[in-house]
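The values are calculated or read from the model by the stated rules, or taken from the named source; none is laboratory data. On a predicted model such as this, the values are computed, not experimentally measured, just so you know. Neighbour counts run over all protein chains shown; Cβ positions are idealised from the backbone, glycine included. For the accessible areas, the whole protein counts, side chains as well, though only heavy atoms, and no ligand, DNA or RNA atoms are used. Shrake-Rupley method; radii C 1.70, N 1.55, O 1.52, S 1.80 Å.
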Amino acid sequence: MTTPAERLPAGLARRIALAAQGFADPRPLGQVGTRQLKRTVDRLGVVQIDSVNVLSRSHYLPHFSRLGPYPREALDALSNRRHDLFEYWAHEASFLPVRLHPHLRWRMAAAEQHAWGNMVQLQRERPGYVSDVLDRVREGGPLKASQLLEPRPDRPGEMWNWHAGKIALEWLFFTGALTARARTTGFERVYDLTERVLPPAVLQAPTPDRPDAVRELVRTAARALGAATETDLRDYFRLPVAEARTAIAELEEGGELQPVQVDGWGRPAWLDPQARRPRWVRARALLTPFDSLVWERPRVERIFGFRYRLEIYTPAAKRVHGYYVLPFLLGDRLVGRVDLKADRQASVLRVQAAHAEPGVDTGEVAAALAAELRLMADWMELDEVAVTGAGDLAPQLTVAVAVRGTAAAAG
């Protein structure tokens with residue numbers, strides 16, 4: 001018997017989604033440590049990694065957005081020393097709780113079916129090279145791609161302009177033979193045998209059948225999203241369409257997903273039955289473009305009415321809002337966006353553009369944003385916040401930043 005779909009007001013669905021992502025909880029009053037950081041990763045299931053460093057390495061920001069200032073070395077230790085987290089291709093390149101490793105082994109095992117073009121070429125041109133690289137790690141210990149002295153192909157402008165050693169290491173990483181032991185200060189991945197890195201309990205955990213593993217990934221996505229469409233649930237771990245649909249149907253039949261109709265969404269959705277239903281959310285956060293709250297742009301527009309595009313690869317003259325633009329969450333709404341840059345040499349957090357959403361109280365937004373920018377600057381050990389760019393919010397933000405700076409100097 002099909003369970004009738006509950007009807008959810010759009011505002012409630014939005015608050016459910018924010019609570020599932022950790023934004024309904026107040027930030028800790030005391031020092032943030034390992035326990036809170038680990039709880040955040042466990043809640044999200046996936047923290048995306050990105051190499052852009054104009055402001056900060058992206059994976060540091062979701063924890064700051066939810067918890068406020070924390071010691072970055074404590075987060076590094078979760079993956080580099082404690083190995084409570086591991087790296088793998090989940091949404092994109094990501095940090096994940098180690099409990100999910102067994103549930104991604106099907107993707108590792110299926111790698112041969114989806115070999116990259118440069119990997120096929122490498123195997124054809126240099127048979128045995130990948131095995132030789134694996135043997136070198138096995139016998140010589142952890143290895144960085146920069147330690148394999150291979151010429152880089154002359155293909156200017158290509159994102160994945162990898163030399164043969166990097167291709168081999170990444171392939172072994174994708175198949176699960178290697179994993180990341182650590183990241184260097186320059187963010188280079190240090191590869192090692194998976195069995196030398198992950199905790200024994202994880203290595204010894206049985207490998208689930210693929211349908212069971214996909215079902216667990218959908219279950220994890222549902223808990224992290226709160227209320228979600230099929231596309232939302234599938235996109236979280238980039239799952240195949242047919243398998244994700246089967247998993248959703250099975251979870252619904254088992255009572256682990258509740259069908260809902262959300263006002264204005266215009267498509268079927270599901271709710272985690274254990275999801276919190278807060279009456280209000282009093283969040284204040286800047287969000288990296290790769291935060292799991294906003295990484296699926298159609299979902300952002302559906303939930304928040306906020307049209308968001310990443311303009312990093314857009315020519316500068318054609319950008320609307322800026323290069324590295326962070327949405328600003330205030331209460332339960334996205335109320336503006338800022339293009340930020342950490343000018344480390346000058347010790348300045350630069351606001352290169354600031355825009356408000358239509359209909360918001362720009363004075364309230366500017367004051368709250370100025371406070372969050374000051375908090376971020378302090379966390380990043382930058383002395384000053386400077387509004388140096390354009391945008392309709394920039395004039396009021398300039399004043400709010402100056403007022404906050406004056407108050408801080410006087411206090």
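The table below gives the values:
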quantity	calculated
Verdict on residue 59 being in a helix (DSSP H, G or I) and either in the same structural domain as residue 179 (by the TED database) or touching a helix residue (DSSP H, G or I) at 6+ places or on another chain (Cβ under 6 Å) (or both)	no
Among (1) at pLDDT 95 or above; (2) within 26 Å of residue 41 (Cα to Cα), the one test that residue 351 misses	(2)
Residue 215 vs. criteria over 29 Å from residue 171 (Cβ atoms), touching an Asp or Glu at 6+ places or on another chain (Cβ under 7 Å) and modelled with pLDDT of 95 or more	no
Scope the stretch 63-74; condition open to solvent by less than 10 Å² (accessible area, probe 1.4 Å) and in a helix (DSSP H, G or I); matching residues	63, 64, 65
Failed item, numbered, when residue 1 is tested on (1) at pLDDT 95 or above; (2) farther than 26 Å from residue 281 by Cβ	(1)
Some residue of the stretch 139-146 being among the basic types (Lys, Arg) and modelled with pLDDT under 90	no
Boolean, residue 55 is open to solvent by 10 Å² or more (accessible area, probe 1.4 Å) and either over 20 Å from residue 333 (Cβ atoms) or of a type in the set (Val, Ile, Thr) (or both)	no
Residues satisfying the stated conditions in the stretch 13-50, i.e. outside any loop (DSSP other than H, G, I, E, B) and open to solvent by 30 Å² or more (accessible area, probe 1.4 Å)	15, 34, 35, 36, 38, 39, 42, 43
Exclusive hit being touching a residue at least 24 places away in the same chain (Cβ under 8 Å) and under 30 Å from residue 64 (Cα atoms), set 193, 198	198
Helices (runs of 4 or more DSSP H) contained in the stretch 76-152 and holding at least 3 residues open to solvent by 10 Å² or more (accessible area, probe 1.4 Å) and free of Cβ contacts under 8 Å to residues at least 24 places away in the same chain	117-125, 129-140
Selection within the stretch 317-339 - closer than 15 Å to residue 66 by Cβ and among the aliphatic types (A, V, I, L, M)	326, 329, 330
